[in-house]
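Just so it is clear, none of the values below were taken in a lab; they were calculated from the coordinates. Note that the coordinates shown come from a computational prediction; the quantities given were computed from them, not determined experimentally. Here Cβ is always computed from backbone atoms with ideal geometry, including for glycine, and neighbour counts include all displayed protein chains.
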Amino acid sequence: MSSIEDILKDRILVLDGAMGTMLQAYKFTEEDYRGERFKDYPSSLKGNNDLLSLTQPQAIADIHRKYFEAGADIVETNTFSATTIAMADYDMEFLVDELNEESARLAKEVALEFTKKEPHKPRFVAGSIGPTNKTASLSPDVNKPEYRAITFEELRVAYKQQVEGLIRGGVDILLVETVFDTLNAKAALFAIEEVKEEQSLSIPVMVSGTITDASGRTLSGQTVEAFLTSISHIPLLSVGFNCALGADQLFPYLKRLAHETDVYTSAHPNAGLPNAFGEYDQSAKEMQSQIEEYLSNNLINIIGGCCGTSPEHIRAIANVAKKFKPRNCKTLSTPTEY
């Protein structure tokens, strides 16, 4: 099977869409989240989507399957919050090893199923590593600007445990995503490098930051260029942006990023901006048109969707991505249509 690095030289790869959007359609109850195993668990578990890899594994596998059928080359594991830090909200820190390993195994099983059917189009699994619900750079208390709810070391330890579980489960890539605080991301990258060294491993690493508003900065205040500089000491497969903004709003920041880096670039924006009810209304056709702007401007190597994106959106994105050659990292030239 060709390596992902080799494939990226030849074509644009498609990432999946939103796991949360798909899970909403199932309308899982508290009992569904609990399953038989956690029937009598003392904490409320509804909303713990990562737990569904254990209690509703068929649903998670089906979602991965739908994204692959829609044209995705890469699906993300259902592990966005699978660290001891985030799982503390549900008193489930003890499950972190199992959550990561089992979520990775589930996704890998489906990926292998599709690769076997279509060996000319191998499928890959990216281990999703979210930002946690705490920030190392900012105080959560405006009256105590010096206070930090988490330390770099606590983040490193938590991320290392997650990374080890994802690797045991068989992921092909590690994706540090939705980065709102680059110090958190640096802890994750430090942990990844530590695991790679300890296990004599070579595994591609993707990093995807989040521009939070029209200021063009991350939540912790970094510009596109500052964010890129902060993570440039680590050998990366790709760097990009996801979440917070729709494709249209993300365009100028992605353009700046693409012209500042010689590694592959990625983007998985939201399906537009949320409406008054927090829902995403942008159609697949509208999003496809905006993504085509990325492609015609030679900005992208890996493209997918975040909040509000469904297999329909990914199918539309995959269809338009076929028409374009990938961004050339070394010579940022005008794109050519096939």
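Would you work out which of 84, 59, 72 lies farthest towards the positive end of the dipole of the range 52-99, given +1 charges on the beta-carbon of Lys and Arg and -1 on that of Asp and Glu, about the Cα centre?
72
Lys and Arg at +1, Asp and Glu at -1: add these up for the other residues within a Cβ distance under 11 Å of residue 80 and post the number.
Details: positive: none; negative: 50, 76, 177.
So the environment of residue 80 carries a net charge of -3.
Quick check on the exposure proxy: order 55, 151, 223, 83 from fewest to most C-beta atoms within 10 angstrom.
Details: 55 20, 151 12, 223 15, 83 30.
In increasing order of surrounding Cβ atoms, one gets 151, 223, 55, 83.
Note the direction-averaged projected area, equal to a quarter of the hull surface, for the Cα convex hull of the range 57-108, in nm². Walk me through the numbers before you get to the answer.
Working: hull surface 14.7 nm².
The directionally averaged projection comes out at 3.7 nm².
Can you spot the lysines whose alpha carbon is less than 30 Å from residue 322's alpha carbon? Ignore those fewer than 8 places along the same chain.
Cα-Cα hits under 30 Å: 9, 66, 108, 116, 117, 121, 255, 285, 330.
Tally Lys/Arg at +1 and Asp/Glu at -1 over every other residue whose Cβ is under 12 Å from the Cβ of residue 97; what's the total?
Working: positive: 160, 168; negative: 93, 98, 101, 102, 164.
Net local charge, residue 97 excluded: -3.
Any idea what the dipole of the chain comes to, in debye rounded to 20, about its Cα centre with Lys/Arg Cβ at +1 and Asp/Glu Cβ at -1? Kindly include the intermediate steps, with their values, before the conclusion.
Numbers: 33 positive and 48 negative charges, 184 e Å.
With Lys and Arg at +1 and Asp and Glu at -1, about 880 debye.
What are the radius of gyration and Dmax of the range 66-200, computed over its Cα atoms and given in Å?
In order Rg, Dmax, the Cα atoms of the range 66-200 give 16.3, 58 Å.
Given a 10 angstrom Cα cut-off, can you work out which residue in 111, 214, 25 is the most mobile in a GNM of the chain?
Its mean-square fluctuation being the largest, the pick is 25.
Name the long-range amide H neighbours of residue 208: under 5 Å, sequence gap of 5 or more, or other chain; modelled H, no Pro or chain starts.
176, 177, 178, 179, 240
Rounded, prolate or oblate: which fits the range 208-307, taking a ≥ b ≥ c as square roots of the Cα gyration tensor eigenvalues, rounded meaning a/c under 1.5, else prolate when a/b beats b/c? Provide the component values of the computation, followed by the final result.
Working: a/c = 2.16, a/b = 1.40, b/c = 1.54.
Note, shape of the range 208-307 comes out oblate.
Can you list the HN-Hα couplings for the range 294-311, worked out from phi with the Karplus curve (6.51, -1.76, 1.60; θ = phi - 60°), rounded to whole Hz and with x for Gly and Pro?
So the J values, rounded to whole Hz, are 4, 5, 6, 9, 6, 9, 9, 10, 10, 9, x, x, 10, 3, x, 8, 10, x.
Rounded to whole Å, give me the distance from the Cα center of the range 127-200 to that of the range 313-329.
When both Cα centres are located, 30 Å separates them.
What are the residues whose amide H is under 5 Å from the amide H of residue 265, where those residues sit 5 or more places off or on another chain and H is modelled from the backbone?
Placed amide hydrogens put 239, 301, 302 under 5 Å from residue 265.
So how compact is the range 1-70: Cα radius of gyration and Dmax in angstrom?
16.3, 52
Which far-off residues, 5 or more places away or on another chain, put their amide H under 5 Å from the one on residue 123, with H placed in the peptide plane?
Distant-sequence amide H within range of residue 123: 115.
May I ask for the distance between the Cα centers of the range 72-88 and the range 202-219, given as a whole number of Å?
16
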